[in-house]
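Notes follow the structure.
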Amino acid sequence: MSGAALGLEIVFVFFLALFLLHRYGDFKKQHRLVIVATLLAWYLCFLIVFILPLDVSTTIYNRCKLAVNSSPAESNGSYVTLAPSKQKCFKPWSYIPDGIMPIFWRVVYWTSQFLTWILLPFMQSYARSGGFSITGKIKTALIENAIYYGTYLLIFGAFLIYVAVNPNFNLQWNQLQTIGIAAANTWGLFLLVLLLGYGLVEIPRSHWNGAKRGYLLMKTYFKAAKLMTEKADAEENLEDIMEEVRKVSESIKYNHPLRKCVDTILKKCPTEYQERMGRNMDDYEDFDERQNSYPSEKSLAKLHKQVIYSVQRHRRTQVQWQILLEQAFYLEDVAKNESSATRQFVHTFHSQEPENKIIQYFYTPTVEWYWECLLRPWFYRVLAVVLATFSVIVVWSECTFFSTKPVLSLFAVFIQLAEKTYNYIYIEMACFLTIFFLSICVYSTVFRIRVFNYYYLASHHQTDAYSLLFSGMLFCRLTPPLCLNFLGLTHMDATISHRKAQPTAYTSIMGSMKVLTFIADGFYIYYPMLVVILCIATYFSLGTRCLNLLGFQQFMGDSEMTSDLIDEGKELIRREKRKRQRQEEGENRRREWKERYGNRDDSTRSRAVHTDQKESSFSETSASRPLSKYTRSNGRTERDRIELLQDAEPLDFNADSVNDDPLESDLGR
């Protein structure tokens, strides 16, 4: 089993990252380089979280092996470890051979750092650029990132000059590498504590509020009112941009040098606008540079950038509005079905998407009623209590993990108890649950936060390329300090535990933080205590109240503005519900009409076809008979047909005699 667990987790994490990226990104419309770069960033960060417990169990086994093979004097001097017996020091099932983990961590870490500090910022500017060629987009990206890269180069150059001039410093390459790692981890830890303090409180509270149907419904009404405002703003913005595109398209004709740029812009417009502009185009006019003023390529690139942004925003608001309507209708159905005597869940509207037959077989209306109306609220309450317990343990451990005698960090206590018995399964499960909960608190905050319309991770394939790349940057910067914080909580980091024990392979590539003592003994230890203040601020919704005072409407139960938005959203949902009901009633009437009169129409149509066949067969048989016997009658029939097909002359009723056959009278004359 050596290395098998590592291989399985590598494959599993890849498909997990691919699934999440498919949920938020759009593989068909977004650029392949954006998808690949974001997938690689997410994959490496998730991989670190899943592989680190294996590194911990392997390190504990290596410590045991060193303690058993060394003499008592060496055991007491070089390694301060528990005195195990040879029977307890057995190889774990997930043991990773020596030499693999250091290389693995070095490749993963430096690849993620290259992505977050160099490649992804460049690709962000490239994705938002409105250039019409690869060279133009690269040029724009380089110009936008010149200040970004220049600031880091200036700081690094000043630091190198200071080290070279100061005789007290005698730094080598490894120490400079450690300083760079420490600087990146310090920046990540600063942001990590902010996100962690929010997630430790908000995740249990959101699950507790998820058991309150009335709360969820009111919040959905509130979201509907805000989303309708954003949707109307997006539609208005798109109309203005399309009007500018129309003017540019009409001014730049087919033989203009910039017409290719205009065609590129038109391809990014919605289909209905393309058809409307195509009908009003008259490209058979020559252009005259002396009479008309034409836009420059730079202004067209700016317009191209605005078109991409406005179309993406309009599409996102349309999809989110439909999803929010389905959520509101479903929550209203749950409120109605709670008092149902039949205990069968009845939907107001049928699902527009075809459901899986297996799910329909097991998830019957009765099962759905018991789950939605009885079991789900209690399940969410129990889950909220469990998550709140984990949050309290994390906050306590963050404030006490620097204490080694006695050991106050609960996570360190759990790991040390398992280390005495060498229960590797328990060690890996405890480590995995701990770092997984920390990751959920941090990563979920990254998925929830929204910086106006510049950064927003929207599900159902509605996230733009800029937000995807920015999320990859955040993950790569947050994951290394998150793992170091986890190792500090469990006292697996020698800098925290002050034990001369074999370090984990992950901390070995980070280098010794003793090079910067004020960071190793100060910032890394005492800054995480601020998570207590952030948790208190999140519990009392201080950030939400501040945003509400600044004019950004947030959901607050005791706010008059919130009540007005809830009423507005409720009316919007009611209006959409009536519209959906009228559509379904119309479809039902058409379906009933087809079922009632469809057979009759089919029978009438078949009788008409049968009559035509009889007439055609009769004419064929009559034509095959002797013509001499039916000469007069056939001629009469032919003349009748001629009167029907041609305009016959009107009869003169004042004449002395009226002949029944006007053709015969003509022949007589």
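The values are calculated or read from the model by the stated rules, or taken from the named source; none is laboratory data. What you see is a predicted model; the values in this text were computed from it and never measured. In this analysis, Cβ positions are derived from the backbone assuming ideal geometry, glycine residues included, and neighbour counts consider all displayed protein chains. Heavy atoms of the whole protein, side chains included, go into the accessibility calculation; ligands, DNA and RNA do not. Shrake-Rupley method; radii C 1.70, N 1.55, O 1.52, S 1.80 Å.
What to note about this one:
- Ranked by how many other beta carbons lie within 10 Å on average, peptides 178-184, 578-584, 266-272, 534-540 from highest: 178-184, 534-540, 266-272, 578-584
- Segment 1-32 and segment 209-282 have Cα centres spaced 33 Å apart.
- Cβ crowding within 10 Å averaged over residues, with 6-14, 144-152 ranked highest first: 6-14, 144-152
- Extending 7 Å from the Cα toward the beta-carbon at both GLU250 and PHE190 defines two label points whose distance is 5.3 nm.
- Take segment 167-256 with all the other protein chains still there, run a 1.4 Å probe, and you get 47 Å² of accessible area per residue.
- Charged-residue dipole, Cβ positions (Lys, Arg, Asp, Glu), segment 399-511 about Cα centre, Debye nearest 20: 240
- Packing rank of 363-372, 587-596, where each peptide gets the mean count of other beta carbons within 10 Å, highest leading: 363-372, 587-596
- GLU230/PHE540 FRET efficiency (R0 30 Å; Cβ-Cβ; nearest 0.05): 0.60
- Loop sites in segment 400-487: chymotrypsin sites (Phe, Trp or Tyr not before Pro), DSSP, at most 12 other Cβ within 10 Å: PHE452, TYR454
- Segment 113-214 shape via C-alpha gyration tensor axes, a/c threshold 1.5: oblate
- Full extension of the chain between LYS500 and GLN274 gives 74.3 nm of extra length, using 0.36 nm per residue less the Cα-Cα distance.
- Within the straight-line cut-off of under 26 Å between alpha carbons, the lysines reachable from LYS500 are LYS65, LYS86, LYS88, LYS91, LYS405, LYS420, LYS514, sequence neighbours fewer than 8 places apart in one chain being disregarded.
- Here's the picture: charge each Lys and Arg Cβ at +1 and each Asp and Glu Cβ at -1 in segment 83-158, and of TRP105, ALA146, LEU115 the one pushed furthest to the positive end of that dipole is TRP105.
- Shown are LYS65, LYS247, LYS405, whose ranking by accessible area with a 1.4 Å probe and every protein chain present, most to least, is LYS405, LYS247, LYS65.
- Among the listed pairs LYS137/LYS253; LYS137/LYS267; LYS139/LYS268, those beyond 20 Å (Cα-Cα): LYS137/LYS253; LYS139/LYS268
- Nearby lysines by direct alpha-carbon distance to LYS336 (threshold 24 angstrom, same-chain neighbours under 8 apart not counted): LYS212, LYS219, LYS223, LYS570, LYS577, LYS579
- Within the accessible area of segment 390-506 (1.4 Å probe), percent carbon and sulfur: 70
- In segment 212-266, taking the dipole from charged Cβ atoms about the Cα centre, the farthest positive-side position among ASN237, CYS261, TYR221 is held by TYR221.
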